[in-house]
Amino acid sequence: MNLLLLSNSTNYGQTYMQHARAKVASFLGDQKEVLFIPYAGVTVTYNDYTAHVQNALAEFDITITGIHTLPSAVDAVKNAKAIAVGGGNTFQLLKTMYENNLISAIQDRVKAGVKFIGWSAGSNVAGPGIYTTNDMPIVEPPSFKSLGFLPYQINPHYTEEALENHGGETREARLMEFIQLNKTDVVCLPEGTWLETTNGATEFGGGSSFKVYRHPDQVFEVEADASSDFLSKG
């Protein structure tokens, strides 16, 4: 499988996808036609979301087609040459994917070699489930199980920052709760970073280290630009 999973779409002080445009273009290579799934968008229309992505990647002659503009979502996926799934609310994204019968359709295409790009919520759904999303469950999908391309969970937008004088749980505390009850690793992607998986080999990029949470209470760090089976470490 060929996956590019970004933590986020916008770095602080930069324009939309500025930090990742060249990486996306390099990942796609000669493939310039991308089917875009904007279902995670809640406060933006699908048309506007699609146009936003198109504008960000236009300099690379990449054509973005919104799945919502085509007669059949399933047929659109079956005919897709590359698939991108945008960020937003993960629960809304997964619910709408189920409603349009896209889970198995996307799985089949990506397992057949079609390139898959996700960011934020779009990266969350690449794992076994959306259990480690940061989003509020504003809707209820029929299941939390998602595409299952990875054997581990993703936590995009990872940070260890804590608000001063705020007594609520930190990200670390919530992820520790997850690994206490689950034996699935959680790979945490800080802003500006990504995972790229090509034919079974996984690389981490973006310039900063990242952390892996492992059952029952282990947390270990992987260095920047790692190119190894980091899940065997710790």
Residues in the stretch 94-131 that are touching a strand residue (DSSP E or B) at 6+ places or on another chain (Cβ under 7 Å) and hydrophobic (A, V, I, L, M, F, W, C) total 8
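Of everything in the stretch 95-137, what is of a type in the set (Lys, Arg) and touching a Gly at 6+ places or on another chain (Cβ under 9 Å)? Give them in sequence order. Break it down stepwise before answering.
Step one: list which residues in the stretch 95-137 are of a type in the set (Lys, Arg), which gives 95, 109, 111, 115.
Within the stretch 95-137, just Lys115 meets the criteria.
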Those residues of the stretch 149-194 which are under 30 Å from Ala22 (Cα atoms), among the hydrophobic types (A, V, I, L, M, F, W, C) and part of a loop (DSSP other than H, G, I, E, B) amount to Phe149, Leu150
Might you let me know whether the stretch 146-160 holds any residue that is surrounded by fewer than 17 Cβ atoms within 10 Å (Cβ to Cβ) and hydrophobic (A, V, I, L, M, F, W, C)?
-> no
Looking at (1) of a type outside the set (Phe, Trp, Tyr); (2) touching a Phe, Trp or Tyr at 6+ places or on another chain (Cβ under 6 Å); (3) more than 23 Å from Ala22 (Cα to Cα); (4) surrounded by fewer than 20 Cβ atoms within 10 Å (Cβ to Cβ), can you tell me which one Gly205 breaks?
-> (3)
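Determine whether the stretch 127-135 contains at least one residue that is in contact with a His (Cβ under 9 Å, 6 or more places away or on another chain) and of a type outside the set (Phe, Trp, Tyr). Talk me through it step by step, then tell me what you get.
Residues of the stretch 127-135 in contact with a His (Cβ under 9 Å, 6 or more places away or on another chain): 134.
Narrowing the set further to residues that are of a type outside the set (Phe, Trp, Tyr) leaves 134.
Checking the stretch 127-135: at least one residue is in contact with a His (Cβ under 9 Å, 6 or more places away or on another chain) and of a type outside the set (Phe, Trp, Tyr).
Evaluate the following for Ser26: is it touching a Phe, Trp or Tyr at 6+ places or on another chain (Cβ under 6 Å) and under 16 Å from Trp119 (Cβ atoms)? Give the derivation first.
Numbers: touching a Phe, Trp or Tyr at 6+ places or on another chain (Cβ under 6 Å): no; under 16 Å from Trp119 (Cβ atoms): yes.
No: the conditions fail for Ser26.
Residue-wise test of (1) out of contact with any Ser or Thr (no Cβ under 9 Å at 6 or more places or on another chain); (2) farther than 21 Å from Val219 by Cβ; (3) modelled with pLDDT under 95.
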| position | (1), (2), (3) |
| --- | --- |
| Ile106 | yes, yes, no |
| Ser120 | no, yes, no |
| Tyr131 | no, no, no |
| Gln153 | no, no, no |
| Asn165 | yes, yes, yes |
| Cys188 | no, no, no |
| Asn199 | yes, yes, yes |
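The values are calculated or read from the model by the stated rules, or taken from the named source; none is laboratory data. Just so you know, these numbers come straight off a predicted model, no measurement behind them. Ideal geometry is used to build each Cβ from the backbone, glycine not excepted, and the neighbour counts take in all protein chains shown.
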